[in-house]
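Since the structure comes first, as structure tokens, the remarks are kept for the end.
The values are calculated or read from the model by the stated rules, or taken from the named source; none is laboratory data. Quick caveat, the model's predicted, so the values are computed rather than measured. With ideal geometry, Cβ positions are generated from the backbone for all residues, glycine too; neighbour counts draw on all protein chains shown. Calculation scope for accessible area: heavy atoms of the full protein, side chains included, ligands and nucleic acids excluded. Shrake-Rupley method; radii C 1.70, N 1.55, O 1.52, S 1.80 Å.
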Amino acid sequence: MAQTQGAYYVPHGSHWPIVGSFGLIGTVVGAGMWLNEADAGKGIMLVGLGLLVIMMAGWFGSVVRESLAGLYNKQVDVSFRMGMMWFIFSEVMFFAAFFGALFYARTFSVPWLGGEGHGALTNLYLWPQYSAAWPTNGPQDIGGAFSTMSPWGIPLLNTLLLLSSGVTITIAHHALRAGHRGRLLVFLALTVLLGVVFLGFQAHEYAEAYEHLNLTLGSGIYGSTFFMLTGFHGLHVTLGAIILAVMWFRCAKGHFTRDNHFAFEAAAWYWHFVDVVWVCLFVFVYIL
């Protein structure tokens with residue numbers, strides 16, 4: 001059994017790390033095999049993903065049971081908070097890499113290909129007909145001509161949805177701290193609903209881009225950065241909505257108290273991070 005010795009928590013032996021390791025190996029190896037058109041690749045990847053889902057459900061379930069049993073102390077709470085902070089920092093760096101790629105391509109690579117600065121000879125001998133402009137699909141017109149997504153339609157609506165969800169999750173948090181269980185459940189459910197609606201509109205936007213604008217993942221540097229940034233953000237919204245839905249069920253079962261609800265706080269931190277990333281996306285990808 002897990003136990004607390006002095007100021008430090010000593011967990012019991014767990015099989016979940018090895019299950020997660022097999023899940024990661026299966027997912028990565030299967031994905032690689034699938035990309036290389038191996039027949040068994042897709043199946044192996046799906047098995048790996050299934051193991052990861054089982055691992056997360058089981059491991060988090062163990063943590064929840066230990067928390068409800070009162071096995072955690074202040075030191076464990078501090079460890080959880082530091083872990084979540086570092087996790088969000090890693091996510092910030094993850095998106096910073098993609099924003100950096102967008103900045104580098106737009107500010108340096110495209111002008112060089114157009115003949116500016118050190119790219120004069122490159123333009124003269126390789127791409128003399130290329131005129132630097134953004135958005136672009138590159139000197140070879142990869143993917144054909146395309147149109148960009150207007151920021152004042154679905155993107156603006158999605159921005160309002162996510163900003164509203166930031167308000168609702170904050171109201172839910174204050175309701176939890178005040179002990180208003182009914183208000184907590186209502187506004188937490190609204191937050192999940194706003195996230196789901198956001199994803200629905202984004203799916204519609206992708207369909208519009210592919211079917212009517214010819215804006216695809218293969219539309220050169222603009223298409224690849226557009227879908228990588230918005231797609232990974234959509235994945236984070238999906239994960240965040242799932243996490244908040246789990247928090248709703250835990251709140252409904254009375255798992256949290258006014259002073260002991262870090263799991264809810266961690267979910268709220270993550271959701272606010274998702275909001276901030278989308279605001280940056282809206283400004284630098286859609287408007288500029």
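A few points about this structure:
- Net charge over other residues, Cβ less than 14 angstrom from the Cβ of residue 68 (K, R count +1; D, E count -1): +2
- With at most 13 neighbouring Cβ atoms within 10 Å, loop trypsin sites (Lys or Arg not before Pro) (DSSP) excluded, longest segment of the chain: 1-252
- Degrees between helix 74-104 axis and first principal axis of the chain (Cα, 0 to 90, nearest 10): 10 degrees
- Spin-label pair residue 228/residue 124, simplified geometry with 7 Å Cα→Cβ offset, distance in nm: 3.1 nm
- Rounded percent of accessible protein surface that carbon and sulfur make up, the chain, 1.4 Å probe: 71 percent
- Chain lengthening between residue 96 and residue 46 when straightened (0.36 nm per residue, less Cα-Cα): 15.1 nm
- Based on protein heavy atoms only, the chain ends up with 55 Å² per residue of surface accessible to a 1.4 Å probe.
- Close amide-amide hydrogen proximity is noted between residue 136 and 222, each under 5 Å apart and 5 or more residues distant or on a separate chain (H modeled in the peptide plane; Pro and chain starts excluded).
- Accessible-area value, residue 274, 1.4 Å probe, nucleic acids and ligands omitted, Å²: 0 Å²
- Once C-alpha pairs closer than 8 Å and six or more residues apart are averaged by separation and normalised to the residue number of the chain, the relative contact order reads 16 percent.
- Computing mean projected area of the Cα convex hull in nm² directly from the structure and comparing it against (i) 18.9; (ii) 16.3; (iii) 18.2 singles out (i).
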